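Bear in mind these aren't lab numbers, they're just calculated from the coordinates by the rules spelled out. Keep in mind the model is a prediction, meaning the values are calculated, not measured. For neighbour counting, all protein chains shown are included, and Cβ atoms are generated from backbone atoms with ideal geometry for every residue, glycine included.
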Amino acid sequence: MTIDVDDSKRRDFLVLAGNAFAAVGGAAVLWPFVQQMNPDASALAMASIEVDLSAIKPGQAVTVMWRGKPVFIRYRTPEEIKAAQDVNVADLRDQSCRNDALPETMPATDADRVKKGKENWLVLVGICTHLGCIPKGQSIADNRGDFGGYFCPCHGSHYDTSGRIRKGPAPRNLEVPEYSFITDTKIKIG
Amino acid sequence: MSGPSSYKPQSAAAKWFDDRLPIARLVHDSFIAFPTPRNLNYLWTFGGILTFFLVAQIVTGVILAMHYVPNETMAFDSVQHIKRDVNYGWLIQPLHAVGASFFFLAVYLHIFRGIYYGSYKAPREVLWILGVFIFLAMMATGFLGYTLPWGQMSFWGATVITNLFSSLDGVIPGLGTAIVTWLWGGFSVGNATLNRFFSLHYLLPFVIFGLVILHVWALHVAGQNNPTGLDIKQDSDAVPMSPYAVSKDVFAMVAFLIPFAYFVFFMPDWLGHADNYIEANPLSTPPHIVPEWYFLPFYAILRAIPSKLGGVVAMVSAILILLVIPWLDTSRVRSCKYRPIFKWCFWAFVFTCLALGYLGAMPAEQPYIFWAQVFTFLYFAFFLIAMPIVGIIETPSRLPRSITESVLGKNGGGSSLPAGAASAPEKR
């Protein structure tokens, strides 16, 4: 029995279509087993927290836990705000505002790292961008480094009153998480 | 194994590797070119189905273990967390739970096939014994796994089954209690018990995997049995495993997965017990403690015997007796197809097992106890009376001369056209 060309083309098509279907089926089976390792609904639910700021006085700072990380909330004094605004952005090591609410290309001006009308509130992720230690500066007695902001004791990174890296090995400014004022005295982070 | 290897490496790289680790040759010889009897029916597809389910249970189980917490305060909630919060947890958990039930369904069909066709008889005794060990390991794994959700049935089933060992106090005073305390890690089933049961539940499937490798190896030494019980004597008796047996296995696997999928998606809890959705309460025993369906026949045997130690011995014997059936059966003919009396005994045995299963689910009261005792007797009678005696007294039906003859008929193997299909060529 000879196999003529039409039959072998049909067979080729069937083999190809069958294999393609099997590949799609295989991917469909595999996907849930891969996706189950991504954060589950309970982890995603902890993704946002609300913080009441009414008890914080000027010059005072508070640390809260968000997504397993420390978040520094500081009620800046007018001197701290002015020092931050007076810095020439072109001199900074990291030019990006590092604000999760804004594109990375926005400049590291103090205005782009706080909320308009609420410049006294500084909200930062308290993790040094070098190797991940928690910088000092939240407590009254802490060493706040050469620029009056934060100082990381692990390898000597100095951050200013807007949380931007000024001296030391850290490559980037401290991250500003996404947050918004839901009332005048309450913020929602994340 | 039949004859020398027919594997030919297809590339220089394949030949290089074959000279160093001939694994492609092993796969080719065992699963591609392997001569498989041409008359296998669908009852022979359950080996492949069982292997698939073992792998599926391991994969879904390892994933569940990423989210499950084996601590008595958190276990129950962690199972709910998997079902509700974990991505696709609603799918993965029932795949595992229903998978266990279908794993046992397949193993029972596989075992009954073995009994009916005499697959336990020489030279397949070790193959059969390995199978019994796999069955025992499966039962242990299933028991351990069922305790993990820490529902009422989990807890009380664990209490009842571990307490079985206390019957040994009747043999050596204090021995049973010492063993039970040792199993529990405490004075009752508790956190220590749960933690170690989780560890063992993770371990045993890999023991099963090793036993399965030995089981398949032993199978390949003797070759598969087949519905006639005759050996492969000529080339026409067999077909290469690939594509014939492989495609039959794949088709059967898909067919088996359809009812499996129906349970997983539409009634995942139907085979379970509602009481396992109640958190374990050490101070309250449920009114109706039953194991999962696949343990019910043995549970019926346990409860049928009025003595505590007697019940345990009977239940354990009911499983261990399987080990010796190659020597209990005196028949020179393998397959029940050609054993007119024993075939009848086999079906009575199947009915007995189903009856025991039903009775195991019933409360431990009359008339169920009486009937459980009747069927326990019949269960053992099949092995201890029917197998030795019927093999001697029955006259087997006439066996075909070969596997080929059983498939193609007496005149088969000659012409390639079936009788009556000859037609004149077109005269146009």
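Annotations
- Using just its DSSP H runs of length 4 or more, each adding -39500 (n - 2.57), chain A gives a mean residue ellipticity at 222 nm of -8000 deg cm²/dmol after division by all residues.
- Per-residue mean of foreign Cβ neighbours for A:28-34 is 3 (Cβ atoms of other chains, 10 Å radius).
- Gap separating the Cα centres of segment B:225-260 and segment A:96-172, nearest whole Å: 70
- Shielding by partners - mean other protein chain Cβ count within 10 Å, residues of B:63-75: 1
- Distance histogram for segment B:111-234 (every C-alpha pair counted, 10 angstrom bins, percent rounded to whole numbers): 12, 30, 24, 20, 11, 2, 0
- Gain on full extension, evaluated as 0.36 nm per residue between B:Ile392 and B:Leu354 minus their Cα-Cα distance, stands at 10.9 nm.
- For the pair segment B:69-120 and segment A:5-83, the centres of their Cα atoms are 30 angstrom apart.
- Candidates B:Leu408, B:Leu302, B:Leu323: whichever shows maximal mean-square fluctuation once chain B is modelled as a Gaussian network with Cα springs under 10 Å: B:Leu408
- Between B:Leu378, B:Leu283, B:Leu144, the Gaussian network model of chain B with springs among Cα atoms under 10 angstrom shows the greatest mean-square fluctuation at B:Leu283.
- Kyte-Doolittle at least -1.0, axis length at least 20 Å by Cα - qualifying DSSP helices, chain B: B:46-65, B:89-116, B:125-147, B:191-222, B:246-266, B:340-361
- Listed peptides B:192-198, B:26-32, A:40-46, B:149-155 appear in the order B:149-155, B:192-198, B:26-32, A:40-46 once ranked by packing, highest mean of other Cβ atoms within 10 Å at the front.
- Peptide B:87-95 - average C-beta neighbours from other chains (10 Å radius): 4
- Where only DSSP H runs of four or more residues are counted, chain B gives -18500 deg cm²/dmol as its mean residue ellipticity at 222 nm, each run worth -39500 (n - 2.57).
- Taken about its Cα centre, the protein assembly as shown carries a charge dipole of roughly 1240 debye when the Cβ of each Lys and Arg holds +1 and the Cβ of each Asp and Glu holds -1.
- Most tightly packed first, judged by the mean number of other beta-carbon atoms within 10 Å of their residues, the peptides B:5-16, A:106-117, B:40-51 read B:40-51, A:106-117, B:5-16.
- Electrostatic bookkeeping for B:Asn225 treats Lys and Arg as +1 and Asp and Glu as -1; over the other residues with beta carbon under 10 Å from its beta carbon, the sum is +3.
- The separation of segment B:25-48 from segment B:273-339, counted between C-alpha centres, amounts to 32 Å.
- Ordering of B:179-189, B:105-115 by packing is B:105-115, B:179-189, highest average first (other Cβ atoms within 10 Å, averaged per residue).
- Each residue of segment A:15-145 gets 194 Å³ once the volume of the Cα convex hull is shared out per residue.
- Residue-count net charge about B:Pro123 - beta-carbon cut-off 13 Å; Lys, Arg +1, Asp, Glu -1: +1
- Against the main long axis of the alpha-carbon atoms of chain A, helix A:5-35 sits at an angle near 30°.
- Relative intensity, log₁₀ I(q)/I(0), of chain B from a Debye sum that treats every alpha carbon as a point, q = 0.06, 0.09, 0.10, 0.14 Å⁻¹: -0.32, -0.69, -0.83, -1.38
- Each of B:Glu365, A:Glu119 has some number of other Cβ atoms within 10 Å of its Cβ, and from fewest to most they run B:Glu365, A:Glu119.
- Under the criterion of Cα pairs below 8 Å and six or more residues apart, the relative contact order for chain B equals 22 percent.
- In chain B, lysine pairs with alpha-carbon atoms under 21 angstrom apart (chain gap of 8 or more, or interchain): 6
- The residue list B:Leu175, B:Trp217, B:Ile111 was ranked by how far each Cα lies along the charge dipole of segment B:24-286 toward its positive end, using unit charges on Cβ atoms, and B:Trp217 comes out on top.
- Listed by Cβ neighbour count within 10 Å, with the fewest neighbours leading, A:Trp31, B:Trp90, B:Trp128 appear as A:Trp31, B:Trp90, B:Trp128.
- Cross-link reach list, lysines versus A:Lys167, counting only Cα pairs under 24 Å and skipping chain neighbours closer than eight places: A:Lys69, A:Lys82, A:Lys136
- Among A:Arg144, A:Arg74, the ranking by other beta carbons within 10 Å of each residue's beta carbon, starting with the fewest, stands as A:Arg144, A:Arg74.
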